[in-house]
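The values are calculated or read from the model by the stated rules, or taken from the named source; none is laboratory data. Because the structure is a prediction, the values reported are computed rather than measured. All Cβ positions, even for glycine, are placed from backbone atoms using ideal geometry, and neighbour counts span all protein chains on display.
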Amino acid sequence: MGQGSNPIDPKGSVAEEQYGLILLSLGIMILVTVVVFVLYFYAIVKYRRKPGDNTIPKQVEGSHKLEIIWTVIPMILLFILAVPSVALTFSQDVDYSDDPEVIQVKATGHQFWWEFEYPDLGIYTAQDLVLPVNQRVQFELTSSDVIHSFWIPAMGGKMDTNPGMINKLYLDTPAEPGVLKGKCAEFCGESHALMDFKVIVLSEEDYNAWVEDMQTPANTTVSADVQSGEELFKQNCMSCHAIDAGSPGLGPNLKGFADREVVAGFLEMTDDNVYKWIRDPAYFKGDRVEMPGLFLEDEQYQDIAEYLKTLKLE
Amino acid sequence: MSQAAHLDKLPPEPEKATLEGRNKVLGFWLFLGGETVLFGTLFATFIALRNSVLDGPTGIELFSLSITAIATFILLTSSLTSVFAIQAMHHKNIKNMLTWLGVTVVLGLGFLVLEIYEFYEYVAHDGFGFTTSAFSSSFYALVGFHGAHVALGVLWISLLMLQIKKKGLTTVTAPKIYVASLYWHFIDVVWVFIFTIVYLMGKVG
Amino acid sequence: MAHSVKKYRGLMDWITTVDHKKIGILYFAAGGLFFVIGGIEALLIRLQLMFPKGTFDILDGQTYNEVMTMHGTTMIFLAAMPLVFGLMNAVVPLQIGARDVAFPFLNSLGFWTFFFGGVLLNISWFTGTVPDIGWTAYAPLSGQEFSGTGSDYYAIGLQIAGIGTLVGGINFLVTIINMRAPGMSFMRMPLFTWTSFITSGIILFAFPALAVGLIYISFDRLFDANFFVTATGGNAILWEHIFWIFGHPEVYILVLPAFGAISEILPTFARKRLFGYSSMVFATALIGFLSFMVWAHHMFTVGMGDIANALFGVATMLIAIPTGIKVFNWLFTIWGGKIQFTTAMLYATSFIPTFVMGGVTGVMLAIPPADFQFHDSYFVVAHFHYVIVGGIVLSLLAAAYYWWPKMFGRMLNETLGKWSFWLFFIGFHLTFFIQHFLGLWGMPRRVFTYLPNQGWDTANFVSSIGAFFMAAGVIVILINAIISIKGPKAPADPWDGRTLEWSIASPSPEYNFKQLPLVRGLDAFWLEKMDGKKEMTPAEPLGPIHMPSPSILPFFMSLGLFIAGFGFMYRGYEFESAFMNNLFGYNIIAIFGLAITLVCMFLRSVYDDHGYHIEVEELQKEG
Amino acid sequence: MEANQEQVQDRVKRGRIHEGPRNHIIAFGISIFLTLLAFMAVANSALDATFIKIFIVILAVFQAVIQLAFWMHMKDRGHFFQILFLATGAFVAITAFIMAVYWVWW
C-alpha cells in the first residue's frame, strides 16, 4: 500500500534516519500498549461482578511500590527515546548553504504551485524539481503569499514556507533515478489538496544534460502550425509566464512545459487537459488562482495549447 | 436605622463579612490572574514587533521621557490615594473614603488627558497612526488597552461613589469598593511595566 | 425577610434561570445540538473522502474547506467545551456539598455568551460566507487579503464564546475554593471536582491569550492593523504562537474533566475506591502546569530551529509520565474490584485502551525529526481523534449515562445504551485506526480530495464506513435521550454511588442540600453507607435557605455582544442599500449592541439582588 | 462564615487591620524612588544599553512586588490562592514574553 513514495518507504539518508526514529518509538509504544492491554483485559475478565454478588471488595488506597514502578519505568523508556531524538534534531538541522558540494535550491510556495530556483545555475523552474542521484540538496524555503509546507515524503520530513521569512532544510536524494511525490502539507486555501509537485531524480549524466538544456535559450523559430498560438501566448501570457529558465515570472516558468508529467500539478498531460486548464483555471483550482480568465475564443485556447505542447527541452 | 448606628453594626472588614463578598473579592483576584496573561500576550506582541517600523517613526524618535514621567507620577499617586480610600472604609469614615476615591478619579482623568494628548501628537505630528506599521499597531494595542482599562476604572469608581452616596456603606457595597481598588492597583502595576518596557526600553533603543 | 420574587415558567424560566443545574442542562442541550451539527459536517467530510477524485465528488474545494473548518471549530469550542461545562455545572456543586455556585448570575452569563457566540458562528452558513481557514486560522490565510467575511465570523464568534468560557472558569474556581461543605478539605474532593478545578485554572490562563490573538485578527481584518500582515512588517508566526499558547492547554481543558469523570465511574462500578488518589491529584496538577510549556510541539516544522524543537520535544514527552500514572491507577482501581458493566462502565472501561492508543502516538509526535514526517499528515488526524473522540467523547458519554439520572431524574435505557456503545466504539476504531496508516503512507490532512492510485483508496473507504457506524451510535443515543423523558423515574442513588451527589434526591432540589452535609473523608457518602447509615450527617440545623433571583440580564448582555459582533463584522461591507451602509459603516449597529450590554451591566451593578428565602416550613413540606 | 468573623476580630485585636497610612506612604516612596532610578538610568547615556534594559526590568519587577504586597495586601495572611493564581498568570505571561524574544523571528 501507499505507492509511489512515502515516509515508511524512505529513500535518502534523511528519510532513513527519520524512519529509524519512527520505528524505535513505535517499538517502545507497542511495548507500552501491550502491557496496558494485557493488564486491562485480564482485569475486565477476571473481576466481573457475578449476578447476586453483593460483597464489597477490599478498598485499596494505593501502593507506593507500584506507583514508583510506573513512574520510573516510563521515565527510563522516555530517556531511551529522548536521547536519539535530540541528537537527530540537532544533526539534521545543519545549514549547507555555503557548501560548494551541495546543490542549492530555493523553493517558493505560491497559491497553488511551486517555484524552484537553482541560484548557482541561473535556472528557474516550476512544478518539477529535477535533482541528480546521491546528492545532498540544501533548500531555502519561503512563500509569496500564505504559509505552505514543502514535503517530499520519501526523501524526508517537511518544512513550512513562511511569507517574509526563510527556512533552511537539507535532504539527500535517492540512489536510484525515479519520480517521487512532492506535496504541500500546510493548509493554504481552496486548492491546497492539488498543490502537488514532482521530484524527478536523474542519473548524474541526465541531470547535467537537463541543466544544459535548461540553460539554452528557447528556440525562437516555431513551426507554422503553432504560430498563431505563439502570437496569442505573447499577447496574453508572456507578461507572467517566462519560457526561458533564466527569469522567474509571476506565474510558473514554462520552460520544458510539454515534458512535464502533469498539468497544474495534478492533471494528466494531454492536449485536452492543457486546453481546459488555460481556458478556466478557476474551475480546477478556485477563484484564488491568480491566472486570470482571458476571454478568448475556444479555437484560440486550442491554439495556445498547441503551442504550449511544443515547449519541450532539446 | 440611622447611618451611624448602621455603621456601628458593620463588621471591621465589611468587604469580607459575607460569603458573597469573599467570593467577589477572590473571583476578582482570579480575574486579575487572567488579565496578567492578557497583558503578557500584549507585551509579548509588542516585543516581537517593536522593530518592524517600516517607514514610520521609531520609539526613540517618538517617546518623550518627561510626559511618561508625569503620567507615571500621576498613576502612582492615584494608586496611593485609592489605598487611603480603603483605609477610610475600614475606619468606616465614608466622607474620607469618598474624598480619596474622588481624588483617585481626578488623577485617573489627568492620566487619560495626558495619554490622549500624547496619542494625538503622534497621529497629527509624527504620522504615527494605528495602521502605520506593525510596531505602531502593537504599540497602540498595548498602551491603548491599558488606557481603556483606566477609562473603565474611572467610570466604574465614579459609579460606585454615586452608589455609596445612595446606599451607604454596607456589606454589599463594601466588596465593590474593595474590588475596584484592587483593579486600580493592578492597572498601576501594569503601567510600571509599560513605562519600563515600552517607553524606557524604546528610548534606549 | 421573606422576599417575594418573580418566578417564571416555560421558556422564560430557562432564559432567566441562575440555577446551576438548569444551566447544566442548557449547556448539555446546546452542546448536544452543536455536536450533532459538527457530526453532520464530519459525515460530509467522510463522504467526500470516501472515494478518490473524480468518482464521487459531493463537495468542491471551497465547500469542503468550510465544512472542515466548521467541523473542527464546532467540535472543540461548541460541542466538547459546553458538554464539559454542562457536566461541571451539574456535578461539581453537588460533589462539594454546596447549595449553589459562587456566581449564579455570571454562570448564566457564561452560558448565554457561549451560546450566542456559537449561534453567530453558525449563522455564517446562511449568509454564505463560512470560515474556510481551518480551526487554527493560520495567518496570513485568515487575513484580509486571503479570506472573506467567514474569517470574521470565526474571530468574533469565538471571541464572544470565549468570554463565556472565561467567566465560567472563574465561577468554578471560586465555587470550589470557597463553597465546600464542612469537612470537605481539598484532599477529600472527588476527582471530578479536582479536575474541574485544574481545568478552570487552565481556562483562566489560556483563554486571555486566545482573546488577544482573536482581537489581533479582527483588528487586521477590520481596522487595517499590521499584526500578522507580512507585507507591512507583521509576523504570521506570531499568530501560531499565540494560538497554540492557548490551543495546547485547550486540549487539557477538555481532557482533564474527562479523566475526572472516568475516575468517578470506575470506582463506582468496580465498588472499589480510586487507586492512588493523591498521586492522581498530583498528576492532574502536573499535567495542568506542563500544558503551558509544550505549545510549540505543534510548530516543529515552522522552522524555529534545533534548540527550540529539542526543548519542546522533551517537555512534551514529560507529559507522558503523569498521564501514565493515571492510566495505571485506573487499571489498578478495577483490579480486584467487582465490575458491573452498565453502559456508563462500558464507555468508561473502553476509554482506557483507546486513550492509551491516542497517548502513545502523542509521544511519537513529540519526537521532532519523526514529527517532520507525521506533521500535517493523517497520522496527526488519527492521533487527535483518538485523544478527543477516544478520550474525551467516550468519557463524556460515560459521564452522561452515569449522571443522567441525577440531572434529569430519569433512567436511560440500558439496552439501547449498550447498542449505542458498540456501534459507536466499533465505528470509532474503524474510522480512525486506519488513518494512522494513511498518514504513514503520506496522505496530508485537510485535503478536499486525493488522486487515485496512491494506495489510499481502500483505507479511505474503510474509514468512511466507520463514520456511518459512529453516526448510527449517536442516533441511538439521541433516541435514548428522547425516550428517557417517559422513562422510569430515577432513585436517589441508582448506582450505589460514593460521592455526595448521590445522597440527595434525583433530580436534586433547587437548593441541593436541605442541610449542608458533614464530610468525614474521601468518598463521603460511601463512608456513611459503610457505617450503615442511609444519608449524610447534617452539619447545621434546618434553616431558611437563601436563593438568588432569576434574571434576564445575562441573556440581554450576550444578545448585545451578538449584535455588536455583526456591527463590527459588516462595518466595511458594501450593502445594496445606502441605509444599511450607513447603519454599519458608521458603527451604529456595533455601538447599539455594546450599549445594550453596558446598560445591562449598569443595571446589574445598581440594583442589588436580594434574592429570596425558602422557609423551613416549605423545606419540611417537601420532605 | 463564623470562623472568618473570629479571624477578623482576632486580627483587629492584634492591630493588623487598623494599621496607619505609614506603610503605604513608605511603599509609595519606594515606588517613586525605583521609578526615578529607572528614568535616570535611561537618561544616562554612558551606560551600556543591555545593562540598562536588564536593570530597569529588575526595578520594574521589584516595584510590582512592593505594590502587590503592600497596596494589594498580598503580604497579609489568607492570600494563598491570590498569590498562587497571580504567580501562575505571571508565569504564563513570562512564557509568552520569552516566546516573543526568542522564537518569533529567526
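Are there helices (runs of 4 or more DSSP H) fully within region B:87-205 with at least 1 residues that are of a type in the set (A, V, I, L, M), surrounded by fewer than 17 Cβ atoms within 10 Å (Cβ to Cβ) and away from chain C (no Cβ under 13 Å)? List them.
B:94-125
Check region A:153-170 and report whether any residue there is more than 7 Å from chain C (Cβ to nearest Cβ), among the aromatic types (Phe, Trp, Tyr) and touching a residue at least 60 places away in the same chain (Cβ under 8 Å).
yes
Working only within region C:549-591, note down all residues that are under 30 Å from residue C:511 (Cα atoms), part of a loop (DSSP other than H, G, I, E, B) and in contact with a Phe, Trp or Tyr (Cβ under 7 Å, 6 or more places away or on another chain).
C:549, C:550, C:551
Determine which member of the set C:214, C:238, C:254 is within 22 Å of residue C:86 (Cβ to Cβ) and either in a helix (DSSP H, G or I) or facing chain B (nearest Cβ under 9 Å) (or both).
The conditions single out C:254.
Go through region C:281-305 and count every residue that is at the interface with chain A (Cβ under 9 Å from one of its Cβ atoms) and either surrounded by fewer than 24 Cβ atoms within 10 Å (Cβ to Cβ) or small (Gly, Ala, Ser) (or both).
So the answer is 3.
All but one of (1) within 14 Å of chain C (Cβ to nearest Cβ); (2) over 24 Å from residue B:117 (Cα atoms); (3) of a type outside the set (A, V, I, L, M, F, W, C) hold for residue B:55; state the number of the condition that does not hold.
In the conditions (1) within 14 Å of chain C (Cβ to nearest Cβ); (2) over 24 Å from residue B:117 (Cα atoms); (3) of a type outside the set (A, V, I, L, M, F, W, C), residue B:55 misses (2) alone.
It is to be established whether one or more residues within region A:298-309 are part of a loop (DSSP other than H, G, I, E, B), closer than 24 Å to residue A:178 by Cα and under 28 Å from the mean Cα position of the chain (by Cα).
Yes, region A:298-309 has at least one match.
Note down all Cβ pairs under 9 Å where the first residue falls in region D:44-69 and is at pLDDT below 90, the second is in a helix (DSSP H, G or I) and small (Gly, Ala, Ser), and they're at least six residues apart or on different chains.
D:47/D:41; D:69/D:27
Out of region A:172-191, which residues are under 12 Å from the mean Cα position of the chain (by Cα) and not charged (D, E, K, R)?
A:180, A:182, A:184, A:185
Tell me whether region C:251-272 contains one or more residues that are crowded, with 24+ Cβ neighbours inside 10 Å, at positive phi and out of contact with any His (no Cβ under 7 Å at 6 or more places or on another chain).
no
Between a residue in region A:79-90 that is at the interface with chain C (Cβ under 7 Å from one of its Cβ atoms) and surrounded by 17 or more Cβ atoms within 10 Å (Cβ to Cβ) and any residue that is part of a helix (DSSP H, G or I) and charged (D, E, K, R), which pairs come within a Cβ distance under 7 Å, given they are 6 or more apart or on different chains?
Once the first residue is at the interface with chain C (Cβ under 7 Å from one of its Cβ atoms) and surrounded by 17 or more Cβ atoms within 10 Å (Cβ to Cβ) and sits in region A:79-90, its partners that are part of a helix (DSSP H, G or I) and charged (D, E, K, R) give A:88/A:17; A:89/C:306.
In contact (Cβ under 8 Å) with a residue 24 or more places away in the chain, part of a helix (DSSP H, G or I), within 14 Å of chain A (Cβ to nearest Cβ) and surrounded by fewer than 18 Cβ atoms within 10 Å (Cβ to Cβ): which single residue out of C:468, C:461 fits that description?
Going through C:468, C:461 in turn, the sole match is C:461.
With respect to residue C:578, is the statement that it is under 30 Å from residue C:129 (Cα atoms) and surrounded by fewer than 16 Cβ atoms within 10 Å (Cβ to Cβ) true?
yes
Can you tell me which residues in region C:394-436 are within 14 Å of another protein chain (Cβ to nearest Cβ) and either farther than 22 Å from residue C:261 by Cβ or free of Cβ contacts under 8 Å to residues at least 24 places away in the same chain (or both)?
The answer is C:433, C:434, C:435, C:436.
Going by what's in this entry, would residue A:124 be described as among the hydroxyl-bearing types (Ser, Thr, Tyr), farther than 30 Å from residue A:16 by Cβ, touching a Pro at 6+ places or on another chain (Cβ under 8 Å) and more than 10 Å from every other protein chain (Cβ to nearest Cβ)?
Yes.
Residue A:195: touching a strand residue (DSSP E or B) at 6+ places or on another chain (Cβ under 6 Å), surrounded by 19 or more Cβ atoms within 10 Å (Cβ to Cβ), within 14 Å of chain C (Cβ to nearest Cβ) and free of Cβ contacts under 8 Å to residues at least 24 places away in the same chain, yes or no?
So residue A:195 fails the test.
Being crowded, with 22+ Cβ neighbours inside 10 Å, small (Gly, Ala, Ser), in contact with a Phe, Trp or Tyr (Cβ under 8 Å, 6 or more places away or on another chain) and at pLDDT 90 or above is the requirement here; does residue B:69 meet it?
No.
Which residues, counting only those in region A:249-270, are of a type in the set (D, E, K, R), assigned to a loop (DSSP other than H, G, I, E, B) and surrounded by fewer than 18 Cβ atoms within 10 Å (Cβ to Cβ)?
A:261
Go through the residues of region C:306-319 one by one and say whether even a single one is within 7 Å of another protein chain (Cβ to nearest Cβ), farther than 14 Å from residue C:241 by Cβ and within 25 Å of the chain's Cα centre (by Cα).
Yes, region C:306-319 contains a residue that is within 7 Å of another protein chain (Cβ to nearest Cβ), farther than 14 Å from residue C:241 by Cβ and within 25 Å of the chain's Cα centre (by Cα).
When you look at residue C:439, is it buried (at least 19 other Cβ atoms within 10 Å of the Cβ), assigned to a helix (DSSP H, G or I), more than 14 Å from chain A (Cβ to nearest Cβ) and on the phi < 0 side of the Ramachandran plot, yes or no?
Judged against the criteria, residue C:439 is not a match.
Restricting to region D:63-82, name every residue that is assigned to a helix (DSSP H, G or I), hydrophobic (A, V, I, L, M, F, W, C) and either at the interface with chain B (Cβ under 7 Å from one of its Cβ atoms) or surrounded by 15 or more Cβ atoms within 10 Å (Cβ to Cβ) (or both).
D:64, D:66, D:68, D:69, D:70, D:81, listed by residue number.
Being outside any helix (DSSP H, G or I) and within 7 Å of chain C (Cβ to nearest Cβ) is the filter here, so list the residues in region A:6-54 that pass it.
Passing the criteria: A:6, A:7, A:8, A:47, A:48, A:49, A:53.
So which of A:219, A:273 is surrounded by 15 or more Cβ atoms within 10 Å (Cβ to Cβ) and outside the structural domain of residue A:155 (by TED's automatic domain parsing)?
Exactly one residue qualifies, and that residue is A:273.
Residues that are among the β-branched types (Val, Ile, Thr) and assigned to a loop (DSSP other than H, G, I, E, B): does region A:66-77 have at least one?
no
Kindly indicate the residue of region D:26-49 that is at the interface with another protein chain (Cβ under 9 Å from one of its Cβ atoms) and of a type in the set (S, T, N, Q) and also surrounded by the most Cβ atoms within 10 Å (Cβ to Cβ) among those meeting that condition.
Among those residues, the one meeting the criterion is D:31.
Within region C:336-356, does at least one residue satisfy the condition of being at pLDDT 95 or above, more than 7 Å from every other protein chain (Cβ to nearest Cβ) and farther than 26 Å from residue C:431 by Cα?
No: region C:336-356 contains no residue that is at pLDDT 95 or above, more than 7 Å from every other protein chain (Cβ to nearest Cβ) and farther than 26 Å from residue C:431 by Cα.
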